[in-house]
Amino acid sequence: MVKFFSRFACGVAMSFLLYGNAAAASAEPELRIGILSDAQCSKSKDSWGLKNARRGFELLRQRGVDVVVLGGDLAERGDAEVFYNFLEAFDSVFGEKKPELISIMGNHEFAPPQDDPKKKIAAFAKAFGLPADANVHRVIGGYDFIAISPEGMNQNTYKEGAEKFVKEAVASARKRAAGKPIFAFSHHPLSGTVAESGQWGSDSLKKVWDFKLPDLVHFSGHTHHPLQDERSIFQDEFTMVNTSSLCYLSRGNYANVKQLHDTWKYPQMLFVDVYADHIDIIRMALDCGREIKPGRRWRLELPLSKENFTYTAARRDSRKAPEFPAGSEAGIKVSGTKDGKPVIAFPAAVHDDFVHGYAMKFIPLEADGKPGKSFELNCMTDYYRGIDRMAENPAFALPPGRFRPGTRYRVEIRPCESFGKRGSAISTEFQF
């Protein structure tokens, strides 16, 4: 059941949507930035990603942003028409008072893979008025923006040309404005940083960027990962931030992946407000135009240094495991749907952030009562819809082929938070 509060919250006043709470709006930022990526558009002007881009542009116009960054994968199959559709939408929303626009390529700009990548780069650069290599170094409002494009469809095609460009741009930025943050952009994240970068990150970025620069704030897309997850920001010797998606959100490799069929309804983007002494990164849900976790904005204290980094891997140590409320065990129901597939449902566990998923261990019980060989299914929750809109009684379809008819099973269910901590199990026995 969807909580009533969430339906009310989607209609909150625009002043709150644009500025958050009063404390956050007490001083004007020196620079306002909007970041959108991964629209995956077809040639049609009615493409879902382009519709969401228009929604995002409208919020950014009302917010009075100075810079808009398009972080790649604007097109699903590299169609140049998509780039001009974006420019048309940008112009129609912002009119004469247009902010600066920075665009970079993603891997889908190079599709289909048999096409000549040099021609793809040339088409993108022509559309957006970029240099021939589609890389950008621009000073806006006293801050340096450095944005690079890959050189092909593979995520590890950031090569020597980008390395030379970046080194010169960073050196220029640090000489021009020492101590100020440098805003960097690539479509792919560096491997081993933000959520899902292990699978979708680029190792070749290590050769391009010096990732031992604490003044570097690097934004990336590609993973489509939901911004509710605190792993979408990462700090080590620099800062990397995920920008999520205008088209659909990642469903990961979970047993219930086919159930998570509505992620396309919940596009997301970022506002970035730059103040003299800090940066606020504001996560936005475009389905209802409201802020994601307004009480937990990501804040980077300036000047940036490792000493004031708070979004490090050490965060996991201080996080609690989620737990089921007392009596939840009695609420476990295992039944069949109309098409005969087994379904397991139970009361939702609770956590001070959110429950990311459930690990369910199924143990067959032989005729003599001894346990047989067990197997585990991991299912993701619907947190991407909004933490206040999560199901109060999650239900997951189970693969019928994993269960032997007439066999009794014991199931042990543990709730999991996003950094991997598991809570105590609840359990029951059932038979189909």
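Computed values, structure above
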quantity: Candidate set: segment 325-339, residues that are in a loop (DSSP other than H, G, I, E, B) and modelled with pLDDT of 90 or more; chosen: the one surrounded by the fewest Cβ atoms within 10 Å (Cβ to Cβ); calculated: Ala326
quantity: Residues that are open to solvent by 10 Å² or more (accessible area, probe 1.4 Å) and in a strand (DSSP E or B), drawn from segment 199-245; calculated: Phe234
quantity: The one condition in (1) open to solvent by 20 Å² or more (accessible area, probe 1.4 Å); (2) under 29 Å from Asp273 (Cβ atoms) that Lys120 fails to fulfil; calculated: (2)
quantity: Subset of segment 169-198 (residues that are without any contact (Cβ under 8 Å) to a residue 12 or more places away in the chain and either outside any loop (DSSP other than H, G, I, E, B) or over 24 Å from Val67 (Cα atoms) (or both)); calculated: Ala171, Lys175, Gly192, Gly198
quantity: Filtered residue count, segment 259-313, keeping only those that are of a type in the set (A, V, I, L, M, F, W, C) and either in a loop (DSSP other than H, G, I, E, B) or at pLDDT below 95 (or both); calculated: 8
quantity: Verdict on Tyr266 being open to solvent by 60 Å² or more (accessible area, probe 1.4 Å), in contact (Cβ under 8 Å) with a residue 12 or more places away in the chain and in contact with a Lys or Arg (Cβ under 9 Å, 6 or more places away or on another chain); calculated: no
quantity: Qualifying residues in segment 372-416 (those that are aromatic (Phe, Trp, Tyr) and touching a strand residue (DSSP E or B) at 6+ places or on another chain (Cβ under 6 Å)) - the one most open to solvent (accessible area, probe 1.4 Å); calculated: Phe375
quantity: Among (1) at pLDDT below 95; (2) under 16 Å from Arg231 (Cβ atoms), the one test that Gly369 misses; calculated: (2)
quantity: Test result for Leu87, assigned to a helix (DSSP H, G or I) and in contact with a strand residue (DSSP E or B) (Cβ under 6 Å, 6 or more places away or on another chain); calculated: no
quantity: Index of the failed condition, Ile146 passing every other in (1) crowded, with 23+ Cβ neighbours inside 10 Å; (2) outside any strand (DSSP E or B); calculated: (2)
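The rows are residues; the columns are (1) among the hydroxyl-bearing types (Ser, Thr, Tyr); (2) touching a His at 6+ places or on another chain (Cβ under 9 Å); (3) over 26 Å from Phe419 (Cα atoms).
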| position | (1), (2), (3) |
| --- | --- |
| Tyr266 | yes, no, no |
| Ile281 | no, no, no |
| Leu286 | no, no, no |
| Arg290 | no, no, no |
| Arg299 | no, yes, no |
| Ala313 | no, no, no |
| Ser335 | yes, no, yes |
| Ala359 | no, no, no |
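The values are calculated or read from the model by the stated rules, or taken from the named source; none is laboratory data. Predicted model, so just to flag it, every value in this text is computed and none were measured. Backbone-built Cβ (ideal geometry, glycine too); neighbour counts: all protein chains shown. Just the protein is used for accessible areas: all its heavy atoms, side chains included, with ligands, DNA and RNA removed. Shrake-Rupley method; radii C 1.70, N 1.55, O 1.52, S 1.80 Å.
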